[in-house]
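Report on the following structure.
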Amino acid sequence: MLQEGAHGKWTVSSSDESTEENSDSEKPSTSSLLDATRGRTSGPQYPCSDARKAAHKRKASPLKLSDKKISTEIPPAEKQRASQEGLGWCLSSSDEEPEDQEKNAHKETLKEEKCDSPKEHPLNLSKDDELLENQKAEEYDETPSEAQDTWDLLNGGNPFRFFLTKVKGIEQSYNSGALHIKDILSPLFGTLISSAQFNYCIDVGWLVRQYPQEFRKKPLLIVHGEKRESKAELLAQARPYENISFCQAKLDIAFGTHHTKMMLLSYEEGLRVVIHTSNLIAEDWHQKTQGIWISPLYPRLPQGTTGSAGESETNFKSDLISYLMAYNSPVLKEWIDLIQEHDLSETRYML
């Protein structure tokens, strides 16, 4: 419905409008059509959802902050307009005349069109160049933290055993007390025998490189929820690695996803459980704040121990075993038996 007021013509939409009229607002802008015609098909080299691919594109062109401060002498109305530059829209001020508003709107339209003009973009790289860029990004924290610092961090006065992941691009002081995946998998935490990685989005090649050189050929079980084409891609990634096996989480609901993010680490010295929030891809461990809970090192129970031995006050052991049994997978039987053989009584946390 078209109405006219003191500041020009404006329109009020109604639920009575036809679907054809409402659909106009959902049509893609000319800038998005230009992006589509450029053929930007490069993206993550691992099976993942469309949302994850869109996040990859945003990561390739991150928002850059400026240290320049706005002068206090700028009128409030001008500050308001300046703060919205680059967003393609502008908040009007009551100090502006209708003619000024029309001029500013015209300027913003020109600015938006200029931003949409074709230019070089990181996503236009070839696959080889993109792989090189990912490897450069991965160089951050390629080596684990100093042994003493990590050991003190793990066994210090952290009652919850909860940590954050390191983030690139910020002052090192803000990464104090944070861990990288290489820290978790380092020999400092134990002499690894085998491991199981539960996750949603997995880059197999990247994951293998996070293990220390001496552990990269140890048995590794990957528990995933991929199906059909995505499953075939995941299996193809693992072909060069004879030590990797898979367990598919078969869900009862058609549109469910396997989002569990957990590590089971079997050492010569015992067993450790790590529950975290990160996908097993470089992006999640590179420049995002994620959470990690790391269990104590669980010792092995005396041989012949049966029943509820090694259970904690929070029933962590029985709950973990019940969860693994819910997969109904013979592949996980080995890990269920292994957990049963260890003393988890020191756990003060509830699963």
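Summary of computed values
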read-out	value
Shape metrics for region 267-339, restricted to C-alpha atoms - Rg then Dmax, Å	15.0, 47
FRET efficiency, residue 188 to residue 255 (Cβ-Cβ, R0 45 Å, nearest 0.05)	0.65
Dimensionless Rg over Rh [region 149-297; C-alpha; Kirkwood]	0.97
Dipole-positive endmost among 163, 282, 237 within region 149-297 (Cβ charges, Cα centre)	237
Accessible-area order (highest first, 1.4 angstrom probe) of the listed residues 300, 161, 272	300, 161, 272
Mean separation of Cα contacts under 8 Å, 6 or more apart, over the residue count of region 279-351: relative contact order %	42
Accessible-area ranking of 294, 193, largest first, probe 1.4 Å	193, 294
Listed residues 337, 252 arranged by accessible area, highest first, probe 1.4 Å	252, 337
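The values are calculated or read from the model by the stated rules, or taken from the named source; none is laboratory data. All values reported here derive from a predicted model rather than from experimental measurement. Positions of Cβ are generated from backbone atoms using ideal geometry, with glycine treated the same way; all protein chains shown enter the neighbour counts. We work out accessible area using only protein heavy atoms, side chains counted, and drop any ligands, DNA or RNA first. Shrake-Rupley method; radii C 1.70, N 1.55, O 1.52, S 1.80 Å.
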